[in-house]
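In what follows, a single structure is set out as structure tokens and then discussed.
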Amino acid sequence: GDINPGNNLHVSGLSKKVDNRELEAAFAKVGRVQKVSVVYDPHTRESRGFAFVTMETPEEADAAVTALNATDLMGRVLTVTKVGFYFFFFVAPSYDFTHYILSRRRGAVRGPRRLASTTDLKSAVIVCVIYPFFPLSSR
């Protein structure tokens, strides 16, 4: 399945008093809500002022962005944007090369010291790194 089918939203500008139920009630006026996750500080247990909302369909997510972005909720102006992802692909040529790079980063003095040659590509792996980004909303 898709990592992000287009129905994931990032909501910022939340009042510290807003909880999952209140945020879900606001989004439920626009469409069917699958999940709401207000992000809390693990130490103070206070809201960090942002959340993630998953709508049932991408169309409902678009409707939520249109209807709720730059609106007031409990005295604060919300910013609602769709969540996207950057994909980075790179080749890790071999165990020896990868181990060499990792051992250098840790400051280790032992471990393989040779760089990968073209023959090492027979054991190459393709690594995909997924990094979320939150596009700026248009106001």
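Some points to look at:
- Residue 44 modelled with pLDDT under 95, open to solvent by 60 Å² or more (accessible area, probe 1.4 Å) and within 22 Å of residue 21 (Cβ to Cβ): yes
For (1) in contact (Cβ under 8 Å) with a residue 12 or more places away in the chain; (2) in contact with a helix residue (DSSP H, G or I) (Cβ under 7 Å, 6 or more places away or on another chain); (3) open to solvent by less than 30 Å² (accessible area, probe 1.4 Å); (4) among the basic types (Lys, Arg), each residue gets a yes or a no:
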| site | (1), (2), (3), (4) |
| --- | --- |
| 5 | yes, yes, no, no |
| 36 | yes, yes, yes, no |
| 56 | yes, no, no, no |
| 61 | yes, no, yes, no |
| 71 | no, no, no, no |
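- Subset of region 1-35 (residues that are farther than 15 Å from residue 74 by Cβ and hydrophobic (A, V, I, L, M, F, W, C)): 3, 9, 28, 30, 33
- As a summary of the residue check, residue 25 satisfies the conditions (1) open to solvent by 50 Å² or more (accessible area, probe 1.4 Å); (2) touching a residue at least 40 places away in the same chain (Cβ under 8 Å); (3) not in a loop (DSSP other than H, G, I, E, B) except for the one numbered (2).
The values are calculated or read from the model by the stated rules, or taken from the named source; none is laboratory data. Source: prediction; values computed, not measured. Neighbour counts are summed over all protein chains in view; Cβ atoms, including those assigned to glycine, are modelled from backbone coordinates with ideal geometry. Side chains are part of the model used for accessible areas, which takes the heavy atoms of the whole protein and leaves out ligands, DNA and RNA. Shrake-Rupley method; radii C 1.70, N 1.55, O 1.52, S 1.80 Å.
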